[in-house]
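Let me begin by presenting the structure, written as structure tokens, before commenting on it.
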Amino acid sequence: MSPDGNLFRGRITRMSVRHRLRVYWLILRTSMAERFAYRSDFALGTLFRFLPIVTQIFLWGAIFGTMDTGSSNQIAGYKYGEMVAYYLLAMLARAFSSMPGLSSGIARDIREGTLKKYLIQPIDMLGYLFWYRVAHKLVYYAIATIPFVIVFYLCRSYFPGWPDAFTLVGLVVALNMAFLLGFLIESLLGLIAFWFLEVSSLLFIYMMLNYFLSGHMIPLDLLPGWTHTLVEILPFKYLAYFPCALALGKYTHAQMLQELLREFAWTIALIAANRWVFARGLRRYGAYGG
């Protein structure tokens with residue numbers, strides 16, 4: 001292991017739990033203050049992100065309008081209103097699970113040698129990045145709540161109704177774990193830069209797969225049957241499809257609990273993978289540049 005790696009491990013080991021919490025609280029508070037400087041951008045950006053839903057309303061209205069009037073007027077179990085509601089909920093899920101710039105930022109720090117700023121201080125890089133993203137999301141939710149409420153209120157007729165209390169609790173848990181999964185997958189991809197300094201092509205492939213297999217593009221129920229096994233194996237569906245389908249009542253309570261356990265298992269596995277890859281990567285890190 002490099003001297004920087006030994007120094008990093010020694011400093012982190014000597015930190016007490018109480019001191020770590022104080023450090024992370026300082027990171028959270030400072031990052032939130034920084035993000036609040038861009039509150040107007042958050043609010044306007046959130047409002048304009050809902051503009052594509054107008055296209056979805058007209059698109060699916062035209063699709064359902066061409067269906068035989070004698071049919072059940074459903075596509076893969078979705079009525080017209082549920083389909084529009086799905087896309088609204090997908091935007092909400094994406095607000096939790098998306099981590100723009102995380103992977104590329106980690107890769108850039110490794111490639112340019114600026115990663116050593118974490119190694120010479122008693123700060124865990126992954127912990128710092130996690131709490132920085134938590135601060136970003138908290139500020140985003142605080143400011144974007146009004147645009148979300150306005151849009152969801154105007155589109156309330158598309159929703160089948162409120163889910164029961166047990167499902168609502170499960171939905172909150174699912175959205176928070178979607179945030180964790182989104183962070184862990186992106187950070188793991190960024191850490192691959194220890195071995196391959198340029199990971200932009202890999203990130204492009206990931207974004208395409210994520211957009212398709214997470215349910216951001218279309219509900220996964222519309223995919224052909226042969227893809228369902230792949231969807232069940234990979235964790236992408238928990239980033240968008242699972243919270244949306246849960247809110248629309250597509251899961252029973254028993255199925256919801258089973259899926260939440262799987263999502264939790266993926267979270268633990270990805271935490272372990274991040275820690276292992278980071279530790280192995282530090283052995284290769286030469287701290288060039290910077």
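Read-outs throughout are calculated quantities, based only on the coordinates presented, and are distinct from any laboratory measurement. Just so it is clear, the structure is predicted and the values come from calculations on it, not from any experiment. Methodologically, a virtual Cβ is constructed for each residue, glycine included, from the backbone with ideal geometry; neighbour enumeration extends over all protein chains shown.
Overview of results
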{"item": "For segment 86-155, convex hull of alpha carbons as volume per residue, Å³", "result": "87"}
{"item": "Ratio of Rg to Rh over the chain (Cα coordinates, Kirkwood Rh, two decimals)", "result": "1.01"}
{"item": "Length added when fully stretched, Leu197-Met217, from 0.36 nm per residue minus Cα-Cα", "result": "4.2 nm"}
{"item": "Candidates Ile27, Ile268, Ile63, ranked by Gaussian network fluctuation over the chain, Cα under 10 Å, top entry", "result": "Ile63"}
{"item": "Separation of the Met207 and Phe58 label points, Cα + 7 Å toward Cβ, nm", "result": "2.6"}
{"item": "Axial C-alpha extent at least 24 Å, average Kyte-Doolittle at least -1.0 - helices from the chain (DSSP)", "result": "17-35, 80-97, 125-154, 165-191, 253-284"}
{"item": "Residues listed by number, segment 163-201, amide nitrogen under 17 Å from His253 label point at 7 Å toward C-beta", "result": "163-173"}
{"item": "Most to least packed among 243-256, 79-92, 163-176 [average Cβ atoms within 10 Å]", "result": "79-92, 243-256, 163-176"}
{"item": "Full-stretch length increase - Leu154, Gln121 - with 0.36 nm per residue and alpha-carbon distance subtracted", "result": "6.9 nm"}
{"item": "Lysine pair number, Cα distance threshold 22 Å (strictly under), the chain, separation 8 or more or different chains", "result": "4"}
